[in-house]
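Notes follow the structure.
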Amino acid sequence: MDINSLIEQYGYAALVIGSVAEGETITLLGGVAAHQGLLRFPLVVAAVALGGMIGDQLLYLLGLRFGPTLLKRFARHQKKINRAQRLIQRHPYLFVIGTRFMYGFRIIGPLLIGASRLPPKIFLPLNIIGAIAWALIFTSLGYVGGEVIGPWLHNLDQHLKHWIWLVLVVAGVIIWRLWRKHRENNRD
């Protein structure tokens with residue numbers, strides 16, 4: 001089974017799972033896979049949006065339930081936390097949608113939003129809108145990037161096979177030399 005078959009078979013599930021925790025790299029790779037024809041673009045966007053939405057929703061619920069306790073662990077960043085919570089109160093729509101685009105806020109953002117007690121009826125629809133916008137943008141970037149790295153990826157299987165054989169041969173030589181050295185040491 002080659003790597004392309006694995007991507008076609010498990011790609012969407014991997015995108016959902018991967019985008020729950022870490023999104024940008026997985027999403028870009030999903031766009032590249034769509035460009036290569038291994039996955040369908042609309043389904044990549046849907047899978048990535050679903051994973052991103054689930055991840056942020058879980059973090060929001062953690063923040064809602066355990067917010068004060070969790071934020072005590074970040075006491076040295078209290079000024080930044082207070083500033084973020086003021087922004088959440090003043091501009092909840094922009095903050096909820098924008099937090100997934102802010103570097104360093106991917107995990108802490110939804111926790112802060114939950115800890116700020118933003119009602120779920122406001123967070124959920126904004127989370128869905130933000131996840132879809134984020135998925136469309138990053139999947140599109142990966143799709144366009146697929147044009148650049150597509151020729152290299154097309155021959156990836158052949159490159160991997162050569163590297164695997166090289167590693168096996170080198171490992172075999174090293175094992176053989178260690179075995180001979182061990183044998184010579186036992187003779188003495």
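The values are calculated or read from the model by the stated rules, or taken from the named source; none is laboratory data. Computed from a predicted model, the values in this text were never measured in an experiment. In this analysis, Cβ positions are derived from the backbone assuming ideal geometry, glycine residues included, and neighbour counts consider all displayed protein chains. Please note that ligands, DNA and RNA were not included when accessible areas were found on the heavy atoms of the full protein model with its side chains. Shrake-Rupley method; radii C 1.70, N 1.55, O 1.52, S 1.80 Å.
Figures for the structure shown
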{"read-out": "So Gly55, is it modelled with pLDDT under 85, buried (at least 18 other Cβ atoms within 10 Å of the Cβ) and either farther than 29 Å from Ile26 by Cα or touching a Ser or Thr at 6+ places or on another chain (Cβ under 8 Å) (or both)", "value": "no"}
{"read-out": "Selection within region 92-110 - under 18 Å from the mean Cα position of the chain (by Cα), modelled with pLDDT of 85 or more, of a type outside the set (Val, Ile, Thr) and open to solvent by 10 Å² or more (accessible area, probe 1.4 Å)", "value": "Gly98"}
{"read-out": "Candidate set: region 20-52, residues that are in a loop (DSSP other than H, G, I, E, B) and open to solvent by less than 50 Å² (accessible area, probe 1.4 Å); chosen: the one farthest from Pro120 (Cα to Cα)", "value": "Leu38"}
{"read-out": "Boolean, Ile17 is surrounded by fewer than 19 Cβ atoms within 10 Å (Cβ to Cβ), touching a residue at least 12 places away in the same chain (Cβ under 8 Å) and in a helix (DSSP H, G or I)", "value": "yes"}
{"read-out": "Hits in region 111-149 - residues which are of a type in the set (Lys, Arg) and under 15 Å from the mean Cα position of the chain (by Cα)", "value": "none"}
{"read-out": "Whichever residue in region 144-169 is within 17 Å of Leu28 (Cα to Cα) and open to solvent by less than 90 Å² (accessible area, probe 1.4 Å) and, among such residues, is modelled with the highest pLDDT", "value": "Gly145"}
